[in-house]
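Peer 1: Please find one structure pasted underneath; my questions will follow.
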């Protein structure tokens, strides 16, 4: 991916994955896996709605009645992610996954797995984990330790590409 | 736009145009045309919902029953783009276009045309074209050849500004 | 925030604050205040829906019937900002603020105030102010003079981090 001469430092990309919507999980995981495959050093900082897809299926989220209710309305796991529009009670999501299956597009959970395998670092946001009552042990294996906004900013300031998705 | 001495390379901006919503088409086309007018080298990588505005009016999208249904729910062309909120069955969109007309703001289709005229490169995303069943010959004239995520990433890594809209 | 030796220039971040949604006001104000606290030179370019939270409570927006109607549907002030999803007639917003109060997370209006105190520059977008009929004297104290897209672009092209939120 780099035009620089040998020995040049790796180029970096940092994505703030704020959205948990199915249609936005695709660009995040496509960009992350493609960048990693091209030798870039990639970090995904997952925050707010973007945390829910990273929670293991079946986990109950929340540390009190209110966060439990929020958790109940945001089912965990990539499989539960809805389209940001045209969701139509789940039909839009089902259609989009079907269409992707017929095309060459892997589902975002597989692209995510592949990204981890290729060395993409995934940092769950500590502050929003606390906010929403999500514990680290409830999240998918392979994630890095939770991090804060200052760490994400330091990373972005060294990155050639920083995106908010 | 550049403070550098004569002969310095042009500054670059790359926008990933993911959204097809009317209110997001404005920032994309305003930033693209303004940057181009100020001598920047601008690329728009149009993907997912962001492809639909670039399809010619009246084109039927889709290569099978499912993509045809998706296409049917996303009418092509800038003129069909809805507001991301307050659309109110089309009234919000109509109001916003009316309000823009009274102000100094050109409609996004004109800003887009102007951007192309000023040398902004528009790359439709090959993978999501295949996904949604959109053919290159169904898209507006003046677009560059379809490109993939790796090409977009290589471009962004050289760009002073990269935005996901 | 910088690893550079003494005397190095401050690192810069520019955020285009396009959204007026409560859940997006948090990342904008968390990133801005955290970056400023770490010595970065931060600019927020507030545009479109992102202008409404910056309007003083009780101000009537609009210069004609149509912009007044738009203003009526977008109550001013941080306090009126809704969640981008799960708003549930205001209950989602109320819950999220309640949950934030129990956690360590300040409300976005306080983070915004703090950002201003720490020297974050907030530029309201002139073009969308004109579009929506928002006057500078209707906006919160402490904002910089309205600016245009060219100014925002010049700033972003010098920024280590540029985000569209």
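Peer 1: Kindly work out what percent of the DSSP beta bridges joining two residues of chain A are antiparallel, to the nearest 5. Let's see the in-between values first.
Peer 2: Values: 1 of 16 bridges.
Rounded to the nearest five, the antiparallel share is 5 percent.
Peer 1: Averaged across B:148-160, how many Cβ atoms of other chains sit within 10 Å of each residue's Cβ atom?
Peer 2: Numbers: counts 2, 9, 6, 1, 4, 13, 7, 1, 8, 12, 6, 4, 8.
Partner Cβ neighbours, averaged per residue: 6.
Peer 1: By its C-alpha gyration tensor, with a ≥ b ≥ c as the square roots of the eigenvalues, how is region C:80-165 shaped: rounded for a/c under 1.5, else prolate for a/b larger than b/c, else oblate?
Peer 2: It is prolate, given that a/c is not under 1.5 and a/b is the larger ratio.
Peer 1: Distances from residue A:9 to the same position in the other copies: list them in nm, one decimal, shortest first, using label points 7 Å from Cα along Cα→Cβ.
Peer 2: The answer, with the shortest distance listed first, is 1.7, 1.8 nm.
Peer 1: Give me the distance between the Cα centres of region A:75-135 and region B:26-98, rounded to whole Å.
Peer 2: 24 Å
Peer 1: Run the quick spin-label model on residue C:64 and residue A:80: label points 7 Å from Cα toward the beta carbon, then report their separation in nm to one decimal.
Peer 2: In this crude spin-label approximation the distance works out to 4.8 nm.
Peer 1: From zero up to wherever the largest Cα-Cα distance of chain C sits, split into 5 Å bins and tell me the percent of pairs in each.
Peer 2: Calculated P(r), rounded to whole percents: 2, 9, 17, 21, 19, 15, 9, 5, 2, 1, 0, 0.
Peer 1: To continue, here is another question. What are the nm distances, shortest first, from residue C:63 to its equivalents in the other copies, labels at 7 Å along Cα→Cβ?
Peer 2: From this label point to the equivalent ones elsewhere in the assembly: 5.0, 5.0 nm.
Peer 1: Rounded to the nearest 500, what is the 222 nm mean residue ellipticity of chain B from helices alone, with -39500 (n - 2.57) per DSSP H run of 4+ residues and division by all residues?
Peer 2: Dividing the helical sum by the residues of chain B leaves -11500 deg cm²/dmol.
Peer 1: For region A:33-101, restrict the atom set to alpha-carbon positions and state the Rg and Dmax in Å.
Peer 2: Every Cα atom of region A:33-101 included, Rg and Dmax give 15.0, 45 Å.
Peer 1: For the rotation that superimposes chain B on chain A, which residue of B has the C-beta lying nearest to the axis, and at what distance in Å?
Peer 2: Residue with the nearest Cβ, plus whole-Å distance, for chain B: B:164, 4.
Peer 1: Which whole number gives the average, over all residues in B:108-118, of C-beta atoms from other chains lying within 10 Å of the residue C-beta?
Peer 2: Across the residues of B:108-118, the mean count of other-chain Cβ atoms within 10 Å is 0.
Peer 1: According to a simple spin-label model (label point 7 Å from Cα along Cα-to-Cβ), what is the distance in nm between residue C:94 and residue B:150?
Peer 2: My value for the distance between the label points is 5.4 nm.
Peer 1: On to the next question. Given the options A:96, A:13, A:69, which has the most mean-square fluctuation in a GNM of chain A, springs set between C-alpha atoms less than 10 angstrom apart?
Peer 2: Evaluated over chain A, the most mobile residue of the options is A:69.
Peer 1: With label points built 7 Å along Cα→Cβ from the Cα atoms of residue A:56 and residue A:102, find their separation and express it in nm.
Peer 2: 3.6 nm
Peer 1: Also, I was wondering about something else. Using alpha carbon coordinates only, what is the Rg to Rh ratio of the protein assembly as shown, with Rh defined as the Kirkwood radius?
Peer 2: Rounded to two decimals, Rg/Rh equals 0.93.
Taken together, the values in this text are just the output of simple stated rules run on the coordinates, not laboratory data. No experiment lies behind these values; they were computed from the predicted model shown. Please note: Cβ atoms are built from the backbone with ideal geometry, for glycine as well, and neighbour counts cover all protein chains shown.
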